[in-house]
Amino acid sequence: MPTSTNSATQFQIRKSDIHKHRLVEHDAPRPGPGQALLKVDRFALTANNVTYALLGESFGYWKFFPATLTGGDNETDDAYGIIPVWGFADVIASQHDSLSVGQRYYGYLPAATHLLVEPGRSSAAGFLDNAPHRQGMNSIYNQYALTSADPGYRQSDEAYQALLRPLFTTSFLLEDFIRDSDYFAATNLIVSSASSKTAYGTAHLLHNNKPAHIKLIALTSKRNRDFVVGLGCYDSVVSYDPEEIDQIDSQTPAAYFDFAGDTEIRDRVHAHFGDRLQHSANIGSAHAQSVLQAGPDRAPAAGPKPELFFAPGQAKKRLREWRPAGFAERMAAGWDSFLPVVRQTIEVAEIAGAEELAAAYAAIAGGTAAANKATIVRL
């Protein structure tokens with residue numbers, strides 16, 4: 001995307017209308033004392049990144065990677081932002097003792113060609129970016145893992161790691177939280193947006209570990225029904241049609257795990273189960289526009305008040321109990337069990353260049369991307 005080694009490019013999204021975007025070319029930054037410059041090599045582009053854009057203001061996602069201004073389009077200083085992505089980057093210049101040119105890191109990156117970092121706490125496993133504008137952000141987003149020291153890293157699986165590792169971390173922590181909560185005394189675990197990668201990562205782990213009497217029920221669109229059935233980790237698959245939801249046994253205690261963020265679907269599930277709904281968790285916003293239109297704090301008329309699942313909280317607990325090495329080992333084991341499923345169900349397309357990036361983003365933001373397709377962007 002850049003036209004020379006001294007230039008850099010950012011893919012910027014208009015905050016007030018995430019369907020509008022622009023490419024901004026600027027001079028590549030130069031690291032000062034205690035800094036390092038990373039060249040973004042490849043990253044995943046998924047619905048998760050669109051969620052970052054939709055919830056950018058309310059959740060602070062725009063703050064991670066400030067946009068460079070063009071100075072010529074009459075926009076206000078904060079009209080555009082850079083969506084965060086997950087992927088790999090290489091150190092190309094460094095004035096920091098712990099980072100060397102040629103090292104490869106995995107972590108939270110901008111949809112851009114370069115990232116200037118100020119490593120704070122560092123170890124043989126990686127570093128924490130201590131840049132001033134990232135202070136106060138959740139530290140899980142500021143950690144960068146050195147690939148040569150990561151027990152879950154394989155060069156041949158980089159595309160899958162970029163696509164699913166951050167989502168699988170949520171899956172891993174949620175499944176652990178559900179088991180830790182004794183399944184909320186529920187028999188049926190109902191999962192919305194069951195085709196989403198975080199949802200079926202969670203379902204995969206639950207399928208392998210749950211007692212036989214607990215059933216996983218997938219809620220999905222008719223378009224994705226065959227894909228969800230083919231995953232093989234749900235006990236039954238139900239479409240979002242009201243008639244189908246109403247056929248679920250409402251006399252059995254249930255728990256609802258909302259990966260869609262669709263308030264209409266959530267309200268129907270709550271109304272159907274009423275007091276037999278033992279727990280309602282908000283995990284994601286695959287249908288995030290619905291949340292924005294209805295308001296995230298609007299509670300359903302029936303059943304328990306939905307609770308936000310806070311993955312960093314469960315991570316903090318387990319890091320304290322298992323220690324970082326034990327946490328990494330358990331994560332790697334879960335990831336290794338999930339990879340065969342991913343390889344069989346997801347077709348990865350690697351793209352390069354501004355036009356292909358813009359087209360892929362438009363398809364995902366417009367909701368037309370297929371559940372079994374995934375995009376890796378190479379810069």
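The values are calculated or read from the model by the stated rules, or taken from the named source; none is laboratory data. These numbers were taken from a predicted model, which means no experiment stands behind them. In this analysis, Cβ positions are derived from the backbone assuming ideal geometry, glycine residues included, and neighbour counts consider all displayed protein chains. Just the protein is used for accessible areas: all its heavy atoms, side chains included, with ligands, DNA and RNA removed. Shrake-Rupley method; radii C 1.70, N 1.55, O 1.52, S 1.80 Å.
How high is the relative contact order of the stretch 49-154, in percent, counting Cα pairs under 8 Å that sit 6 or more residues apart?
In percent, rounded to a whole number, it is 20.
Please pull out the direction-averaged projected area of the stretch 1-63, using the convex hull of its alpha-carbon atoms, in nm² to one decimal place.
Average of the hull's projected areas for the stretch 1-63 equals 5.6 nm².
Applying 1/(1 + (r/R0)^6) with R0 = 51 Å to the Cβ-Cβ distance of Ser148 and Glu264, what FRET efficiency is obtained, to the nearest 0.05?
0.60
Is there a quick way to get the dipole size of the chain? I mean about its Cα centre, with the Cβ of Lys and Arg at +1 and of Asp and Glu at -1; what is the value in debye to the nearest 20?
About 600 debye.
For the chain, give me the percentage of DSSP beta bridges that are antiparallel, rounded to the nearest 5 percent.
The antiparallel fraction comes to roughly 60 percent.
Considering only protein heavy atoms and a 1.4 Å probe, what is the carbon-and-sulfur percentage of the accessible area of the chain?
48 percent
Which residue, Ala112, Ala349, Ala159, tops the fluctuation ranking in a GNM of the chain built on C-alpha contacts under 10 Å?
Evaluated over the chain, the most mobile residue of the options is Ala349.
Per the Kirkwood definition applied to all pairs of different Cα atoms, how many angstroms is the hydrodynamic radius of the stretch 174-225?
11.4 Å
What number, in percent, do you get for the relative contact order of the stretch 188-272 if the mean sequence gap of Cα pairs under 8 Å and at least 6 apart is divided by its residue count?
37 percent
Report the extension gain between Arg22 and Ala124 in nm, rounded to one decimal, defined as 0.36 nm multiplied by the number of residues separating them, less their alpha carbon distance.
Gain on stretching Arg22 to Ala124: 32.9 nm.
Restricting to Cα pairs below 8 Å that are 6+ residues apart, what does the relative contact order work out to for the chain? Please round to a whole percent.
16 percent
5 Å is the cut-off here: which amide hydrogens, built 1.01 Å from N in the peptide plane, fall below it relative to Ala131, excluding neighbours closer than 5 in sequence?
Glu118
Excluding Gln161 itself, calculate the net charge of residues whose Cβ lies under 15 Å from the Cβ of Gln161, where each Lys or Arg counts +1 and each Asp or Glu counts -1.
Cβ neighbours under 15 Å give a net charge of +1.
Between helix 311-345 and the chain, what is the angle of the helix's C-alpha long axis to the longest principal axis, kept within 0 to 90° and rounded to the nearest 10?
Approximately 80 degrees, to the nearest 10.
Quick one: helix 197-209 against the long Cα principal axis of the chain, what's the angle to the nearest 10°, folded into 0 to 90?
Result, in degrees: 50.
When the chain is fully extended, how far beyond the present Cα-Cα distance does Arg223 get from Lys63, taking 0.36 nm per residue of separation?
Gain on extension, Arg223 to Lys63, equals 54.1 nm.
Cα extents of the chain along the three principal axes, largest first, in whole Å?
Largest to smallest, the principal-axis extents are 64, 48, 36 Å.
Counting only trypsin sites (Lys or Arg not before Pro) that sit in a DSSP loop (anything but H, G, I, E, B) with at most 14 other Cβ atoms within 10 Å, what is the longest stretch of the chain containing none of them?
The longest such stretch corresponds to 155-297.
Label 7 Å along Cα→Cβ of Asn138; the stretch 8-47 residues with amide nitrogen under 20 Å?
Correct set: 44-47.
Please list, in chain and number order, the residues 5+ apart from Ser94 or on another chain whose amide H is under 5 Å from its amide H, with Hs placed from the backbone.
Leu37
Give the lysines whose C-alpha is closer than 20 Å to that of Lys210, dropping any in the same chain fewer than 8 places away, or say none.
Straight-distance partners of Lys210: Lys197.
Cut-off under 17 Å on the C-alpha distance; same-chain residues fewer than 8 positions from Lys305 excluded. Which aspartates and glutamates are left, in chain and number order?
Leaving aside aspartates and glutamates fewer than 8 places away in the same chain, those within reach of Lys305 are Asp258, Asp262, Glu264, Asp267, Asp275, Asp297.
Only Cα pairs within less than 10 Å get springs; with that Gaussian network setup on the chain, which residue of Ile217, Ile140, Ile283 has the largest fluctuation?
Ile140
What is the calculated FRET efficiency for Arg343 to Trp322, with r their C-beta to C-beta distance and R₀ = 25 Å, to the nearest 0.05?
0.35
Leaving out ligands and nucleic acids, note down the accessible area per residue over the chain with a 1.4 angstrom probe, in whole Å².
With all protein chains present, the chain gives 44 Å² per residue.
Angle check, please: helix 354-365 long axis (alpha carbons) against the longest principal axis of the chain (alpha carbons), in degrees 0 to 90, nearest 10.
Value to nearest ten degrees: 20.
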